[in-house]
Amino acid sequence: MFAYVARQPIFNVARETYAYEILFRNSEQNCFPDISPDEATSRILTATHLSFGLEEITGDKLAYINFHRDTLINHFPTSLDPTKVVIEIVETVEVDDALVNACKHICSLGYSLALDDYNADKKWQALMPFISIIKFDVREMKQERISELVPELKRSNIRLVAEKVETYEEFKRFRDMGFDYFQGYFLARPEIFRHRQLQASKLAMLELLTASAEMELDFDKVEGIIERDTSLTYLLLRFINNPLFNKRNRITSLRHALNYMGEVEVKKFIALLALSNLSEGQPDELLQMSQVRAKYCELISLALREHDNPPTGFLTGLLSLLDAMMEQPMEDLLEKIPVDEKVKAALCGEQNLLKDCLQLVTFFEAAHWVGIKSFALKYNLKQKLLHRYYIESLKWACAMHASARSKS
């Protein structure tokens, strides 16, 4: 059976990725079933036993997974490694002796249990001895009520997750309130009232990014940029030597890379390298999200027989969070980079094919299954293919991240 999956990052107070919430559906037919989405999530997890490999989706991070009543009572979470998962108990479950005993048993085996969308209902009291994490939907519960509940929960050594944090101001507010973790899109919203100063190395990287966006790669220009900063040579080769793509030969020069990998692949690596340097000082998740988006938009573009050079889908996804990384408006940044007009239009919000591809990957980030289905119908692509490409993109981004960390 094929598993449909989406992941949503959970951050710590340092805005580092601490975990991912993993969401599943089970087929094209009932990707949007007439049952509780949380129940569908736990059913497909049980059916597939995560046969695609949980670590392929989360890397070295924890996985938060929703479980419904039946799967908890039948102890299905115990088929997973307790050091790699957090068991989320969804807010719709009925609490009775059977559920309490099941949670007690699961907790005794070393699993961390979390309450999702906590509403302070008295029914949860019976489960509190086994709960180590509580998640608040900050869009559903008033902030005043949340602030009343936090002190008591913190005294009980319960860690708190704020869900649906949409702005940086909200992140700071709930961080100061005592929350430990945060889930939402606040990282991708730039603070455009302040601009990051572009230092010499940043300017060089922006020039490199510009060169990679041109129709034909000028290797003389690229080498001239790299010669101004010898560390760029090492950084470039570090990414090009990624074992996911180059398993036999070691790339020793830019010219060698061109001959071995081809101009299109080299340009993608140059763009990726430049963006990773430009995002320095920002949370790693922004770059990882950009990598996933880049690979996914590339795969979808190819499925739609878009073979532009440079690969416009890859570049669209890769640059889609540049405004958040640089804390400047996207329109201002794109004036400095001569990217393809279709790429620029998509990144500035104009509707076109690339914009649709970019929107599709954000549907996965939000587990917006209806949006995914609509895209599939619009472009006559199978939903199964769209989900498979997303998993491939997650694996690619995880491999890139692991390679960079091992060589840093």
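Brief remarks follow.
- Unmet criterion (only one of (1) assigned to a loop (DSSP other than H, G, I, E, B); (2) free of Cβ contacts under 8 Å to residues at least 12 places away in the same chain) for Lys344: (1)
- Here Leu254 clears all of (1) among the hydrophobic types (A, V, I, L, M, F, W, C); (2) over 23 Å from the mean Cα position of the chain (by Cα); (3) at pLDDT 70 or above except the condition numbered (3).
- Just so you know, in region 276-290 the residues that are part of a helix (DSSP H, G or I) and within 16 Å of the chain's Cα centre (by Cα) include one that is farthest from Leu187 (Cα to Cα), and it is Ser276.
- Among residues of region 105-139, those that are among the hydroxyl-bearing types (Ser, Thr, Tyr) and part of a strand (DSSP E or B), counted: 1
- Test result for Leu72, farther than 23 Å from Phe363 by Cα, part of a strand (DSSP E or B) and either at pLDDT below 90 or not polar (S, T, N, Q) (or both): no
- Flag if Ala367 is surrounded by 18 or more Cβ atoms within 10 Å (Cβ to Cβ), touching a helix residue (DSSP H, G or I) at 6+ places or on another chain (Cβ under 7 Å) and small (Gly, Ala, Ser): no
- Subset of region 110-144 [crowded, with 21+ Cβ neighbours inside 10 Å and basic (Lys, Arg)]: Lys135
- Single unsatisfied condition, Asp34 versus (1) at pLDDT below 85; (2) under 27 Å from Asp180 (Cα atoms); (3) of a type in the set (D, E, K, R): (2)
- Taken as a whole, the structure places Ala102 among residues that are assigned by TED's automatic domain parsing to the domain that holds Gly59, assigned to a helix (DSSP H, G or I), of a type in the set (A, V, I, L, M) and out of contact with any strand residue (DSSP E or B) (no Cβ under 7 Å at 6 or more places or on another chain).
- Taking the numbered list (1) in contact with a strand residue (DSSP E or B) (Cβ under 9 Å, 6 or more places away or on another chain); (2) in a helix (DSSP H, G or I) in turn, Asp176 passes all entries but (1).
- Taken together, Leu318, Leu302 contain a single residue that is under 19 Å from Ala397 (Cβ atoms), more than 19 Å from the chain's Cα centre (by Cα) and outside any loop (DSSP other than H, G, I, E, B), which is Leu302.
The values are calculated or read from the model by the stated rules, or taken from the named source; none is laboratory data. Values in this document were obtained by computation on a predicted structure and should not be read as measured data. Quick reminder, even Gly has a Cβ in these numbers, built from the backbone with ideal geometry, and neighbours come from all protein chains shown.
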